[in-house]
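Written out below as structure tokens is the structure these notes cover.
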Amino acid sequence: MSVAGGYPIPRHLSEVLRRNPAKSGDTRLVGDVVCACGSRSFAVLYVGYPGVRDYGSRTPVLQTTEFGGRYFFRIAARCDGCAKEHLLFDMHLHGWNGFLCGEEADRKARPPAYAKWRCDCGGASHRIEIDILAEDKQISVEESGGELTDDSWFEGFAWLTLSTVCDACKLERHALVDYETM
Ligand SMILES: [Zn+2]
Ligand SMILES: [Zn+2]
């Protein structure tokens, strides 16, 4: 059954994600990050490890990092227009594992400081697109054992991909974040 309006926007993204209806559907949400001030340019901040694909590609991809015996993965966007910082993803809070299985100790643990992602050209100002994939509503509610409801099922998404375009040189980084949450 089709969800009216398509896949709902998870609460923590409701103020900053502007849906792209052409790419979105019942189990997929694609949108651009847009600040309330109107700006689409952001510094991409991350707590993670900037690695490369393990199958030989040189494409950078941000991965989970260990710090003080705990694992962290967190992405934020700091607006170039008004300096407001928007949390886009935290592995202990968001998606299937974060929302349903996040440990209080991990959520309260202090992560290392953010690093700022830079393009090959040195630019630190980016457009950001987020692509979320999920099971459908009925499966999500069933598999959560009742923890997800008709009002929250979309919080348990399965995959988040984040891509950027550099404001300075227009280089596109497809799937700078490519994170399975299940
Ligand atoms: Zn702003
Ligand atoms: Zn660039």
G38 passes all but one of (1) among the small types (G, A, S); (2) in a strand (DSSP E or B); (3) touching a residue at least 24 places away in the same chain (Cβ under 8 Å); which number fails?
(2)
Matching residues, the range 86-133, being under 27 Å from L171 (Cβ atoms), basic (K, R) and more than 16 Å from ligand 1 (Cβ to nearest atom)
K116, R118
Could you check the range 152-175 and list, in sequence order, the residues that are at pLDDT below 95 and either over 24 Å from V52 (Cβ atoms) or surrounded by 15 or more Cβ atoms within 10 Å (Cβ to Cβ) (or both)?
R173, A175
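Looking only at the range 19-38, how many residues end up being within 16 Å of ligand 1 (Cβ to nearest atom) and surrounded by fewer than 16 Cβ atoms within 10 Å (Cβ to Cβ)? Give the derivation first.
First pass over the range 19-38, keeping only residues within 16 Å of ligand 1 (Cβ to nearest atom): 32-38.
Subsequent filtering for residues that are surrounded by fewer than 16 Cβ atoms within 10 Å (Cβ to Cβ) retains 32, 36-38.
So the answer is 4.
The values are calculated or read from the model by the stated rules, or taken from the named source; none is laboratory data. Computed from a prediction, not measured in an experiment: that's the story for all the values here. Glycine also receives a Cβ, built like all others from the backbone with ideal geometry; neighbour counts cover every protein chain displayed.
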